[in-house]
Ligand code: ATP
């Protein structure tokens, strides 16, 4: 059975990097002997400007049939407000497909400088709860527009929601260094994060081999900058995970590198894989977008689909290209064009083979 992949290239550089991801994906399929069935979808801000919706209702049914979705980037901030594009596509996909885990590996690639002194070789995976918490959308505004206005944004943690995310993090930790950092703000928020910490402590009893460290999120942010090599798997809520993963992404050196997986671990629905960066209107159309984040997203997708050897080969090839430092896009200090990086990675893949 071929893997059925839905593509949403989106806007801006999303439409430039996704075809590069498909090129490496197709090459890997040929080398590793698996079949692909790829369907392209036009959902984007451009689609919104023409149809008044980021994606039609029928799209969810169509996308649901796939094994995985590869998303480029959506956004056209000059013509479509960010909350319209985000709330019109990514947020409903996360909700409808119960993509409750946001997985974000963060490690520098060989040969590339990071903003950290001595370029420490950290290797962290963030597990961010992706379906509730601070982004549950609960709250409202009272006495709006008056001097006495009050805005409430309520954090909603359900025990089941926290437990499934925490359990996923423990299962991952056990496969890695058996170290789990739990980042909350239970000192300042005494209901939601105290319950979160309790759930972590309860689940921890089932994983006696995993060493759990509790951090206040601000202390963990400082640790990321001071000594990120001390961290392995980090579990955090929606908002805290969002902030920490962006910081970790910046420590990787360029927004053109990090990728994320939005997972439905039970596989009831397709999981969604994407480069972390946005549509980057400032460089769109110039053919200089860094495609590495998209290759990384493809690697995460292959791993999730069960093609771990292909995923490993892909990342080895990418690392061989960055280590050599000859074919890099301008965000990494090079002069290569997007397609040239793909060609270099495909050449390295042949050598890895
Ligand atoms: P969004 O709101 O969609 O996240 P943004 O402008 O905050 O948009 P990006 O679109 O990711 O974020 O762009 C931020 C900066 O990083 C821009 O200067 C952009 O050119 C650069 N950038 C992002 N992705 C890449 C990439 N793949 N290759 C090169 N530069 C990139």
In the range 289-300, anything within 12 Å of the ligand (Cβ to nearest atom) and closer than 16 Å to residue 99 by Cα is listed as 297
The helices (runs of 4 or more DSSP H) lying entirely within the range 2-70 that contain at least 2 residues which are under 28 Å from residue 288 (Cα atoms) are 14-32, 45-51
### Task
May I ask you to verify whether residue 20 is away from the ligand (no atom under 16 Å from the Cβ) and on the phi < 0 side of the Ramachandran plot?
no
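Quick check on the range 71-88: of everything there that is at negative phi and part of a loop (DSSP other than H, G, I, E, B), which residue is farthest from the ligand (Cβ to nearest atom)? Talk me through it step by step, then tell me what you get.
Step one: list which residues in the range 71-88 are at negative phi, which gives 71-74, 76-88.
Retained after the next criterion (residues that are part of a loop (DSSP other than H, G, I, E, B)): 74, 77-79, 81.
Details: 74: 8, 77: 6, 78: 11, 79: 13, 81: 11 Å.
Among those residues, the one meeting the criterion is 79.
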Among the residues of the range 244-254, the number that are assigned to a loop (DSSP other than H, G, I, E, B) and more than 10 Å from the ligand (Cβ to nearest atom) is 2
Residue 113 meets each of (1) within 21 Å of residue 270 (Cα to Cα); (2) surrounded by fewer than 21 Cβ atoms within 10 Å (Cβ to Cβ); (3) more than 15 Å from the chain's Cα centre (by Cα) with one exception, condition (1)
Within the range 255-288, the count of residues that are out of contact with any strand residue (DSSP E or B) (no Cβ under 6 Å at 6 or more places or on another chain), within 6 Å of the ligand (Cβ to nearest atom) and closer than 23 Å to residue 38 by Cα comes to 1
Quiz item: Would the range 301-324 turn up any residue that is out of contact with any helix residue (DSSP H, G or I) (no Cβ under 6 Å at 6 or more places or on another chain) and under 30 Å from residue 80 (Cα atoms)?
Solution: yes
Those strands (runs of 3 or more DSSP E) completely within the range 122-224 that have 3 or more residues that are surrounded by fewer than 16 Cβ atoms within 10 Å (Cβ to Cβ) and in contact (Cβ under 8 Å) with a residue 24 or more places away in the chain are 211-216
Selection from the range 89-105 of residues more than 16 Å from the ligand (Cβ to nearest atom) and outside any helix (DSSP H, G or I) yields 97, 98, 99, 100, 101, 103, 105
Here the qualifying pairs (Cβ atoms under 8 Å; residues six or more apart or on different chains; first in the range 278-297 and farther than 16 Å from residue 252 by Cβ and touching a residue at least 12 places away in the same chain (Cβ under 8 Å); second in a loop (DSSP other than H, G, I, E, B) and more than 8 Å from the ligand (Cβ to nearest atom)) come out as 279/11; 281/78; 284/11; 287/337; 288/337
Going through the range 7-28 in order, the residues found to be out of contact with any helix residue (DSSP H, G or I) (no Cβ under 8 Å at 6 or more places or on another chain) and closer than 14 Å to residue 313 by Cα are 26
Checked against (1) closer than 24 Å to residue 94 by Cα; (2) surrounded by fewer than 19 Cβ atoms within 10 Å (Cβ to Cβ); (3) modelled with pLDDT of 95 or more, residue 286 satisfies every condition except (1)
Of 312, 326, the only residue that is surrounded by fewer than 18 Cβ atoms within 10 Å (Cβ to Cβ) and assigned to a helix (DSSP H, G or I) is 312
Against the condition over 17 Å from residue 108 (Cα atoms), at pLDDT 95 or above and crowded, with 21+ Cβ neighbours inside 10 Å, how does residue 341 come out, does it pass?
yes
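The values are calculated or read from the model by the stated rules, or taken from the named source; none is laboratory data. Predicted model, so just to flag it, every value in this text is computed and none were measured. Glycine also receives a Cβ, built like all others from the backbone with ideal geometry; neighbour counts cover every protein chain displayed.
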